[in-house]
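Report on one structure; see the data block that follows.
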Amino acid sequence: MVVKNCCRPSLLIVVHVLVWRFAAATSRPHIILIVADDLGYNDVSFHGSNQIPTPNIDNLAYGGIILNNYYVSPICTPTRGALMTGRHPIQTGLQSGVIVASQPYGLPLNETIMPQHFKRLGYRRHMVGKWHLGFHKREFTPLYRGFESHYGYYLGCGDYYDHTSEANEEYFGFDFWRNSTVDFSGIGQYSTDLFRQEANTIIQKHDTSEPLFLYLPFQAVHSGNLPSGKNLQAPTKYIKKFTHIQNKERQTYAAMVSALDDAVGSIVQTLKDRKMYSNSIIVFTTDNGGPANGFDGNAASNFPLRGVKATLWEGGVRGVGFVSSPLLKTKGYTSNQLIHVTDWLPTLYTAAGGRAGDLKKLYGVDQWQVLQTNGKPVRDEMLHNIDPLGKSGAIRVGEYKLIYGHVMGWDGWYPPYQLPENSKSQNIYTATLENSQHHNSTKLEQEMEVGHRSLDRGTPVTVQCGSKPANASTNCQANKVPCLYHILSDPCEYNNIAADHMDIVSKLMDKIKEYRITMMVPPGNKPADPAGNPRLHGGIWKPWLD
């Protein structure tokens with residue numbers, strides 16, 4: 001009897017703990033994290049695009065919180081690493097370019113990433129889409145990094161229909177996987193449709209008593225295989241929607257965006273059908289600015305922002321982003337608080353009921369309370385990057401941005417293509433600033449009026465640049481001396497004010513030096529390993545160093 005009486009309280013405690021854990025799990029929100037690949041700032045109608053209506057994306061954005069002061073890294077791999085770890089690329093060795101072909105490196109294995117953190121909170125964790133964080137060894141791939149399932153591909157780009165990736169003529173192979181098995185079943189099917197279907201299937205089969213974390217990095221709207229000439233691909237039914245755009249490249253690009261928009265709408269509807277939407281948080285972000293004006297074989301637009309993908313100009317790092325959820329206490333507004341892509345991990349971890357303070361050594365900061373209340377900013381500075389290999393960098397402190405070093409030449413202001421001849425004189429590898437600025441903004445705005453307007457209930461959030469001085473293209477020589485911009489009044493980076501504010505330049509350069517001291521991990525970049533060539537592995541891109 002004594003033993004029995006002693007054991008009863010323990011049994012009750014166990015029962016209470018199990019009940020508490022079950023209640024906590026069922027009350028945690030479902031988190032849907034959607035990443036668009038290479039989406040330009042001017043490629044959604046909630047940012048004012050008259051060429052490309054995005055009604056499903058718009059409805060989420062207008063009903064949630066549009067992030068109007070939101071920044072990402074200038075190119076794919078660094079942003080994805082920052083998103084997954086909450087740590088800056090200079091902390092993980094991913095600060096210089098992207099992982100290409102058979103380069104044998106990836107996001108370091110000592111980094112704990114988002115699905116691993118959410119596993120501790122009882123989440124089911126699924127990934128659909130692009131990885132691009134290393135695959136030379138199996139342990140670098142999604143199933144070994146905390147995801148229960150992965151449907152998608154490892155490399156940075158590929159053909160939307162046959163799912164091959166052509167790094168160059170010598171390195172060509174198939175790259176599509178279901179978990180750890182090569183999957184040929186999707187050949188001939190458009191990747192945006194495949195990822196939409198897979199995401200919907202995951203949601204439909206999900207046990208709603210458990211919280212879901214769905215990471216959905218689409219292939220859209222990245223270029224396809226450039227060496228093959230299949231740069232931009234979309235189903236004919238979507239291309240036919242954009243006859244008002246005479247330029248074929250931009251027309252196809254618009255079709256790619258529209259297919260992405262429909263996929264987002266379909267996934268939201270499935271959440272509603274499963275009665276999961278009311279307890280869901282949806283985050284939408286691009287991984288970097290758009291490759292405009294033929295850069296990377298693409299026809300995106302960041303206009304009127306300066307620059308393109310892979311640059312530290314605003315067009316490369318100012319991201320399309322929003323968060324939408326019925327759980328938001330305050331919504332339907334535009335946030336002007338400074339937010340960085342690394343902030344998503346601590347922010348969503350807090351939203352999921354975790355303690356952001358348990359996440360150690362992050363660059364990201366918890367923005368959940370700020371977003372919930374449209375409250376006082378918790379971030380006033382942000383390192384865009386320090387690239388020791390490219391010998392360049394940029395930082396934002398308060399209202400000022402400093403940029404220095406060998407900033408690549410795509411530093412113009414590129415309106416979206418409209419007329420057929422817009423891209424005729426350009427070579428996608430050697431286009432110059434002089435042959436890439438075809439129209440002034442006034443003429444462009446007149447041409448864009450033939451386009452569609454999104455059927456939504458909000459007012460587009462647009463960038464107002466002010467007057468463009470005659471020397472806008474030449475007043476910054478960042479490879480010789482740092483340039484300074486007052487982003488609040490000059491978001492299009494027209495006026496380099498460094499000469500008049502050397503005190504601010506000095507303070508920001510000192511900040512750069514402070515960050516450089518903390519950069520304990522050198523760039524992880526490695527040259528391509530011939531042993532990873534798909535020709536040696538049955539035509540498959542696969543881990544080759546196991």
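Keeping every protein chain present and rolling a 1.4 Å probe, give me the accessible area per residue for the stretch 244-315 in Å².
Dividing the accessible area of the stretch 244-315 by its residue count gives 21 Å².
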Query - Å² of accessible area per residue within the stretch 99-146, as computed with a 1.4 Å probe and no ligands counted - result: 33 Å²
**Report entry** Apportionment of accessible area to carbon and sulfur, the stretch 141-203, percent (1.4 Å)
**Finding:** 51 percent
Query raised in the report: With respect to the cross-link table entries LYS391/LYS507; LYS205/LYS275; LYS401/LYS511; LYS309/LYS361, which display a Cα-Cα separation exceeding 18 Å?
Result: LYS391/LYS507; LYS309/LYS361
Report summary line: Expected vector for the stretch 149-157, Karplus 3J(HN,Hα) from phi with 6.51, -1.76, 1.60 and θ = phi - 60°, integer Hz, x for Gly and Pro, equals 8, 9, 10, x, 9, 8, 7, x, 7
Query - Computed magnitude of the charge dipole of the stretch 166-216 (debye, nearest 20; Cβ of K, R +1, Cβ of D, E -1) - result: 300 debye
Requested in this report: Quick one: pull the percentage of alpha-carbon pairs in the stretch 34-157 with a separation above 18 Å.
Outcome: 59 percent
Query raised in the report: Rounded to two decimals, what is Rg over Rh for the stretch 200-276 when you use alpha-carbon atoms and the Kirkwood radius?
Result: 1.12
Query raised in the report: Magnitude of the Cβ-charge dipole of the chain, K/R +1 and D/E -1, about the Cα centre, nearest 20 debye?
Result: 1800 debye
Query - Among TYR151, THR112, ASN302 - extreme Cα towards positive end, dipole of the chain, charges at beta-carbon - result: THR112
Requested in this report: Calculate the dipole size of the stretch 306-407 relative to its Cα centre from +1 charges on Lys and Arg beta carbons and -1 charges on Asp and Glu beta carbons; express the result in debye to the nearest 20.
Outcome: 100 debye
Query raised in the report: If amide H atoms are built 1.01 Å from N in the plane of the peptide, which residues on other chains or at least 5 residues away come under 5 Å of the amide H of LEU338?
Result: ARG379
Requested in this report: May I have the convex hull volume per residue, in Å³, for the Cα set of the stretch 217-364?
Outcome: 166 Å³
Report summary line: Of the candidates THR342, ILE281, ALA356, the farthest towards the positive dipole end of the stretch 278-375 (Lys/Arg Cβ +1, Asp/Glu Cβ -1, centred on the Cα centre) is ALA356
Query raised in the report: Longest span of the chain, sites excluded, free of trypsin sites (Lys or Arg not before Pro) in DSSP loop with at most 10 other C-beta atoms within 10 Å?
Result: 1-274
Query raised in the report: Relative contact order for the stretch 306-359: what is it in percent, counting Cα pairs under 8 Å that are at least 6 residues apart?
Result: 14 percent
Query raised in the report: Sequence-distant or interchain residues sharing an amide H contact under 5 Å with GLY321, placed H: which?
Result: LEU67
Requested in this report: Order THR236, THR285, THR373, most accessible first, counting only protein heavy atoms with a 1.4 angstrom probe.
Outcome: THR236, THR373, THR285
**Report entry** Solvent-accessible heavy-atom area per residue, rounded to whole Å², over the stretch 32-71 at 1.4 Å
**Finding:** 10 Å²
Query raised in the report: HN-Hα J couplings of the stretch 503-512 from phi, Karplus 6.51/-1.76/1.60, θ = phi - 60°, integer Hz, Gly and Pro as x?
Result: 5, 5, 4, 4, 5, 6, 5, 5, 4, 4
**Report entry** 222 nm mean residue ellipticity, helices alone, for the chain (DSSP H n ≥ 4; -39,500 (n - 2.57); rounded to 500)
**Finding:** -8000 deg cm²/dmol
Report summary line: When the charge dipole of the chain is computed with +1 on Lys and Arg Cβ and -1 on Asp and Glu Cβ about the Cα centre, the Cα farthest towards its positive end, among LEU508, SER473, ILE245, belongs to LEU508
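The values are calculated or read from the model by the stated rules, or taken from the named source; none is laboratory data. Being a predicted model, the structure only gives us computed values, none of them experimental. Neighbour counts are summed over all protein chains in view; Cβ atoms, including those assigned to glycine, are modelled from backbone coordinates with ideal geometry. Protein only, heavy atoms only, side chains kept; ligands, DNA and RNA dropped before computing areas. Shrake-Rupley method; radii C 1.70, N 1.55, O 1.52, S 1.80 Å.
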